[in-house]
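What follows draws every value from the coordinates through simple rules; no lab data is involved. Keep in mind that what you see is a predicted model, and the values were worked out from it rather than measured. Heads up, the Cβs are rebuilt from the backbone with ideal geometry, glycines too, and the neighbour counts pull from every protein chain shown.
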Amino acid sequence: MIDKSWGHGYYGCAGCCGYEGQQLLPNPFSGGVGTQGNNTAESEDMCSNSWVDVTSETYDWASTNSGIVNVASAVSHFMSPGSVTGSGQVQLQRQLARLDCPVQGFEPQNTQYSCTVPTGETTSFYEWGDNNPQAGDNASIAGWLQSLTPASAGYTNGIVSESNFSPATDSCYFNGSPYPPVSGVTGSNWTVVSSEWGPDWVGYVYAEFAYYQTTRPAMNLSLPCGFTMFQQLSFKCPDGQPTVFDYPPIILRATISGTGITVSREGQTVARTLIGN
């Protein structure tokens with residue numbers, strides 16, 4: 001006989017192997033302010049040595065601060081930034097060395113984080129990299145500063161990380177070039193201060209820029225040429241919160257001409273006259 005409320009028994013409870021551990025999943029559980037998500041209560045079935053779902057038997061759902069996360073009927077509603085402990089109550093037969101199949105109350109818990117999350121960003125030109133070690137002092141690389149939207153001081157100490165949404169293209173590369181084709185972003189991370197992060201450096205290193213600007217015409221290869229990268233940005237909530245929120249991909253471009261370089265990020269463009277040597 002299997003009964004989640006009263007446990008497992010046989011021969012009139014001559015022996016018991018009921019439930020022992022309990023957990024509330026996911027743990028930790030994070031969500032953006034204004035969103036909601038489902039909790040799952042599980043208990044360890046000592047008869048089958050497996051974890052089983054006891055959410056439907058769990059009641060008195062709660063959190064330590066409903067103004068941050070309101071937990072009701074197994075659903076967490078993320079109300080404002082902060083962290084709480086979520087919990088529920090469940091009555092299950094305890095795995096004990098007795099013959100009366102005793103029932104005991106359990107209170108599975110998890111840590112829940114509510115985080116202000118961005119939906120996008122705006123970008124503005126910062127400076128060329130001539131005299132900035134972060135850019136390798138490369139005159140052909142442009143720096144950009146970003147403001148997360150909607151603006152919020154709650155982003156502070158969050159982490160913005162980049163990855164490739166899809167493969168990059170590089171029309172400057174040709175077979176025999178000493179430089180590999182641009183394959184994508186480098187996987188950098190930035191710490192957010194208020195709503196701001198950056199700079200994000202975009203462009204060709206100067207030696208590569210100079211090589212293509214001079215060599216392609218000499219080989220009867222066309223200019224302008226350039227790369228396009230597709231940057232996926234993710235925001236990780238501050239204070240060690242585990243959830244990562246992605247926002248829409250960003251297009252990064254750099255174009256080499258016979259007279260200079262043009263760099264664009266998210267539709268914003270800067271250009272400078274530059275002759276490689």
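Along its principal axes, the range 120-273 has C-alpha extents of 54, 28, 25 angstrom, given from the largest down.
Modelled spin-label separation between LEU221 and THR186, with each label point placed 7 Å from Cα along the Cα-to-Cβ direction: 2.3 nm.
Rounded to whole Å, the principal axis extents of the Cα atoms in the range 150-197 read 50, 18, 13, largest first.
Could you tell me the calculated FRET efficiency between ILE275 and PHE125, based on Cβ-Cβ distance and R0 = 30 angstrom, to the nearest 0.05?
On the way: r = 21 Å, r/R0 = 0.71.
The pair ILE275/PHE125 has a calculated efficiency of 0.90.
Between helix 206-218 and the chain there is an angle of about 50 degrees, using the helix long axis and the longest principal axis of the Cα atoms. Can you tell which of ILE68, ILE251, ILE159 shows the greatest fluctuation in a Gaussian network model of the chain with Cα springs below 10 Å? So, out of ILE68, ILE251, ILE159, the one fluctuating most is ILE251.
Show me the ranking of peptides 160-171, 123-134, 225-236 by mean Cβ neighbours inside 10 Å, starting with the highest. Display every interim value, and only then the final one.
On the way: 160-171: 16.7, 123-134: 14.8, 225-236: 20.2.
So the order, starting with the most tightly packed, is 225-236, 160-171, 123-134.
Full extension of the chain between GLU20 and PHE174 yields a length gain of 49.0 nm, computed as 0.36 nm times the residue separation minus the alpha carbon distance.
With 5 Å bins beginning at zero, the pair-distance distribution over Cα atoms of the range 200-276 amounts to 3, 14, 22, 17, 13, 10, 8, 6, 5, 3, 1, 0 %.
Can you give the extra length, in nm with one decimal, that the chain gains between THR214 and VAL75 once fully stretched, where that is 0.36 nm per residue apart less the Cα-Cα distance? Numbers along the way, then the final one.
On the way: separation 139, 0.36 × 139 = 50.04 nm, distance 6.23 nm.
Between THR214 and VAL75, full extension yields an extra 43.8 nm.
Got a sec? Charge dipole of the chain, +1 on Cβ for Lys and Arg, -1 for Asp and Glu; which of SER183, LEU24, SER264 is way out at the positive end? Checked the options; the winner is SER264. Choose one answer from SER194, SER257, SER56: the residue with the largest mean-square fluctuation in a GNM of the chain with alpha-carbon springs under 10 Å. So, out of SER194, SER257, SER56, the one fluctuating most is SER56. If I compute P(r) over Cα pairs in 5 Å bins from 0, in percent from the structure I just sent, which labelled value in (1) 1, 5, 11, 14, 15, 14, 13, 11, 8, 4, 2, 0, 0; (2) 1, 4, 7, 10, 12, 12, 11, 11, 10, 8, 6, 4, 2, 1, 0, 0, 0; (3) 1, 6, 11, 12, 10, 9, 8, 7, 7, 6, 6, 5, 4, 3, 2, 2, 1, 0, 0 lines up? Working out P(r) over Cα pairs in 5 Å bins from 0, in percent from the coordinates points to (3).
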